Every structure is written in C-alpha cells, then in structure tokens.
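Peer 1: Would you mind keeping the following structure in view while I ask a few things?
The values are calculated or read from the model by the stated rules, or taken from the named source; none is laboratory data. Predicted model, so just to flag it, every value in this text is computed and none were measured. Glycine gets a Cβ as well: all are built from the backbone with ideal geometry, and neighbour counts include every protein chain shown.
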Amino acid sequence: MTGNALPSSDHIARYCGGSQIDEDGQIAPTAFHLRQDQDEEYLSVHWLEILNKSDRISEISAVRDMMGKKLRLGKTAKIAILNVGEALDYVEYKSCFSIRILHEPNHDYLSHSGIYDTKQDEDLISELLAEKVLETHPALVHNP
Amino acid sequence: MATAALLKSIPDTRAAWTVFTSPSTNADPFTYERKRELLKCELMKQKNVNLSFSQRYIYKNPLDVNISKLIIAGNFSSSVDSSLPTDAQHNYVLDLINSWKSQVEVEDLISRISALANVVYAERISNRLLNLRKVFLEEQDSDISADSIRTFTIFLSMHPDARYPAITLTPVGNIYAQWKKDRTSLFSLQFLPDWGVRFVVFAPNKKHSEIITRISGTETVDTVLGNMDKAYGVSDWVVE
C-alpha cells in the first residue's frame, strides 16, 4: 500500500548515473541528491523483496527492465543496493536526522518506493547513504 | 526571443549598454556589466565581421588573489547586416553570444582548467571533467553548469596544491569534489554559481579523536578551505 514503511530487513535498488560514480567505481553521494530542477520529493528506488524473485540476480534483472522503460540507461551507470534498516539507522545515528523509506507503487511498478526526508540536510545525508551501499551492479548488460 | 535566457539574469541590460565609436579600430563596441562580470562585445564594421567576446571577473578578492587572470573568452566569425538598426545588430550579437555559451562555453571553460600552470592536477582534472561531461550529455541531455566550473576554477587557482579529488556531478550538473582520507576524514564541496559552495566535513574531534564531527553548510569558495582547516584541520588530507 502507498506510504507504508518498507521492512528493515529488506533491500532497495537505486539507479546511479555514470556521472555519479567516481573513477574507482564507487557510488558518489551525488547519486543520492534530489533533482532540484524537477522538485523531486523523494529519491526513487525499487523494493527488491516484493518482486518475489528467487535470487539477487533475478531481482536485478527485473529492476533493469523496469528502469530501462523509464530512463536512458547509461553505459557506465550502476544499480546500487542498500539494506533498508541499515541505511535508516546509520543516517539517524550519524546525523541525528530521521529519514523514511516508503512504498510508492504506481500503475507500472509495484516495487517503486522512495527515500523521503533527505532534504533536511541533503549534503550530509547523501554522504551517509553512499557509505551504506552494499553492492553495485551494471545498469546495462552488454551482450557479447 | 533567443536571448531571453541570457538576459534573464541581467536586468536592464539594454539600459546598461555603452555604445561608442573608436576611430582607430573602426569598431563599435558595446559593453554591459553585471554584479561580478564584465562582458564586452566588439562588433567590427565590416561586411564579414569578427566577433570577440570576453568575460572577466572583476570581483575584489579578499585574499588578494589576482582573479583578473581568469579571462573567459570566445571568438567567432559571423556577419552582421550593417543596414539594420543598431538595436537589431546588438540583438543579433547577443544571439550569437548566447549560441556560443550553449555550444562552446563549457568545453572552453574546461580546457582553461588544463592551462592553469600552477595547479598540480590541472590536466587530470580537465580530462575527468571532459569524461563526465560526455556521460552527462549522453544520459541527461544537459550540460555541466558553466557557473559551477567557474567557481571550481577559482578554487583550483587559489589552492593549486590540492590533492586530486573524486569528482562527480550533481543531477543539475554542478561539480562535486570529494577528498577522503578514510571513513573518518572527509571534505566535500559542491561548486555553485557566484562563488558559492556547499560543504560537508567529517573529521575526528580534535580533543576526542574517537568522536567524529559531521557537519555541512554553505560558504564562499575563497574562504571555505581556510575556515574548515582552522576548525577541523581538513588541509591534512586536502592539500599535498
């Protein structure tokens, strides 16, 4: 249901453009900046466990398909995975700001969700979120 | 009107124009000024004209660094119908400048970074920005903010011995530079128009090293490193 908090044990996937990845391949804090020019209210993510896939590879594959329909996936773009509870706790513990990760399903995507309240201190919170990236996957799969 | 975007941030531009004739060059230059810039166009009175355009920061730097060295210029050839009224010629020139700004300015600004002789990593930073720009244009159809590059250039000019930072772009095309020693020592700057920066500092508390101070805020590009160094010793990992 819209607006429900995601379970702490679950995971989210965030699209990170190639210009938001540093030369070592690490996800930069800028991947967690809102688009000021579009008045974004939250950072769009996908809730992986609700996809009901058997493993992470299948989840990422499904997320890639969804992202590909909405975004122009860059050659060097990546998908970053974060644990919901770890991200929320880490931001609150290190910055004293509470953020929320809420389910925001739409007609196209049941898994669509959002990281809310990063505007409280976007610069600081984005640095902390970038530190909690568990794993990354290429956004585009290059077929041989 | 094609010049709308250019004029938007420069109120009463037309009223500020100074038109005069220089007999020695047979030129009809006109200038306008805004808060920290001087933009000067020179329109040669010939059938096919050469048009030059320069942009110079005239802001007085409190640290007395010679910012007037930062000259941003464009040169292009075109033709202006001299039978047109002066006002129409000026509009045409502004259209040309606007076109130059959208097509060539960013690349020109980046190439000027590589020419900063004292900056240790000038060439590497310039190459990184060119690569980021290519990716950004592919993914978003928008460009790096020219104003952000200018502010970043001022920072590099004032701190030529800065270590090579991790450089990325914000979603609106601002440059974001991050200097990191480890998970406890971090200094990040987002470069904004008009000498503005947003900063983040993670640094061990000077008296209680097990406690990490984490702060963010806004500053000006000419004072941010000095102020953050005094408070948190960031030069330790930002400067060579």
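Peer 1: Got a sec? Which of A:Tyr109, A:Tyr42 is within 26 Å of B:Phe202 (Cβ to Cβ), among the hydroxyl-bearing types (Ser, Thr, Tyr) and touching a helix residue (DSSP H, G or I) at 6+ places or on another chain (Cβ under 9 Å)?
Peer 2: Only one candidate passes the filter, namely A:Tyr42.
Peer 1: For segment A:117-142, which residues satisfy the criterion of being under 17 Å from A:Arg35 (Cβ atoms) and not in a helix (DSSP H, G or I)?
Peer 2: Matches in segment A:117-142: A:Asp117 only.
Peer 1: Continuing with the same structure: Just the residues that are crowded, with 16+ Cβ neighbours inside 10 Å and assigned to a loop (DSSP other than H, G, I, E, B), please, taken from segment A:106-116. Before the answer, list the steps.
Peer 2: As a first pass, look at segment A:106-116 and keep what is crowded, with 16+ Cβ neighbours inside 10 Å: A:109, A:111-116.
Residues satisfying the conditions are A:Tyr109, A:Ser111.
Peer 1: Among the residues of segment A:13-21, is any away from chain B (no Cβ under 14 Å), at pLDDT 95 or above and surrounded by 15 or more Cβ atoms within 10 Å (Cβ to Cβ)? Break it down into steps so the answer makes sense when it comes.
Peer 2: Residues of segment A:13-21 away from chain B (no Cβ under 14 Å): A:13.
From the residues that got through so far, the ones that are at pLDDT 95 or above too are A:13.
Okay, now just the ones that are also surrounded by 15 or more Cβ atoms within 10 Å (Cβ to Cβ), so A:13.
There is at least one residue in segment A:13-21 that is away from chain B (no Cβ under 14 Å), at pLDDT 95 or above and surrounded by 15 or more Cβ atoms within 10 Å (Cβ to Cβ).
Peer 1: Another one. Keeping to segment A:22-31, report how many residues are more than 8 Å from every other protein chain (Cβ to nearest Cβ), of a type outside the set (A, V, I, L, M, F, W, C) and either in contact with a helix residue (DSSP H, G or I) (Cβ under 7 Å, 6 or more places away or on another chain) or closer than 17 Å to A:His112 by Cβ (or both).
Peer 2: 0
Peer 1: Kindly establish whether B:Ser235 is within 14 Å of chain A (Cβ to nearest Cβ) and free of Cβ contacts under 8 Å to residues at least 24 places away in the same chain.
Peer 2: Numbers: within 14 Å of chain A (Cβ to nearest Cβ): no; free of Cβ contacts under 8 Å to residues at least 24 places away in the same chain: yes.
Spelling it out, it is not the case that B:Ser235 is within 14 Å of chain A (Cβ to nearest Cβ) and free of Cβ contacts under 8 Å to residues at least 24 places away in the same chain.
Peer 1: Residues of segment A:60-100 being under 16 Å from A:Val141 (Cα atoms), within 14 Å of another protein chain (Cβ to nearest Cβ) and assigned to a helix (DSSP H, G or I), which ones?
Peer 2: Listed by number, the residues that qualify are A:Met67, A:Gly68.
Peer 1: Condition first: touching a residue at least 60 places away in the same chain (Cβ under 8 Å) and among the basic types (Lys, Arg). Now tell me which residues in segment A:108-135 satisfy that.
Peer 2: A:Lys119
Peer 1: Just give me the residues in segment A:101-144 being within 12 Å of another protein chain (Cβ to nearest Cβ), under 15 Å from A:Ala28 (Cα atoms) and among the acidic types (Asp, Glu), in sequence order.
Peer 2: A:Glu122, A:Asp123, A:Glu127, A:Glu131
Peer 1: Pick from segment B:152-200 the residues that are surrounded by fewer than 24 Cβ atoms within 10 Å (Cβ to Cβ) and of a type in the set (Ser, Thr, Tyr): which of them is nearest to B:Ser111 (Cα to Cα)?
Peer 2: It comes out as B:Ser157.
Peer 1: I'd like to verify a number: residues in segment B:200-235 that are of a type in the set (S, T, N, Q), in contact with a strand residue (DSSP E or B) (Cβ under 6 Å, 6 or more places away or on another chain) and part of a helix (DSSP H, G or I), how many? Don't jump to the end; show me each part of the working.
Peer 2: Filtering segment B:200-235 down to residues of a type in the set (S, T, N, Q) leaves B:205, B:209, B:213, B:216, B:218, B:220, B:223, B:227, B:235.
Okay, now just the ones that are also in contact with a strand residue (DSSP E or B) (Cβ under 6 Å, 6 or more places away or on another chain), so B:205, B:213, B:216, B:218.
Still in the list and also part of a helix (DSSP H, G or I): none.
Total meeting the criteria: 0.
Peer 1: How many residues are assigned to a helix (DSSP H, G or I) and either within 8 Å of another protein chain (Cβ to nearest Cβ) or charged (D, E, K, R) (or both) when one looks only at segment A:32-46?
Peer 2: Going residue by residue through segment A:32-46, those that are assigned to a helix (DSSP H, G or I) are A:32, A:36-38.
Cutting the leftovers down to either within 8 Å of another protein chain (Cβ to nearest Cβ) or charged (D, E, K, R) (or both) gives us A:36-37.
Within segment A:32-46, residues that are assigned to a helix (DSSP H, G or I) and either within 8 Å of another protein chain (Cβ to nearest Cβ) or charged (D, E, K, R) (or both) number 2.
Peer 1: Now, a different point. Consider B:Leu192 carefully, then state whether it is assigned by TED's automatic domain parsing to the domain that holds B:Gly226 and touching a Ser or Thr at 6+ places or on another chain (Cβ under 7 Å).
Peer 2: On the way: assigned by TED's automatic domain parsing to the domain that holds B:Gly226: yes; touching a Ser or Thr at 6+ places or on another chain (Cβ under 7 Å): yes.
Here the answer is yes, as B:Leu192 does meet what is asked.
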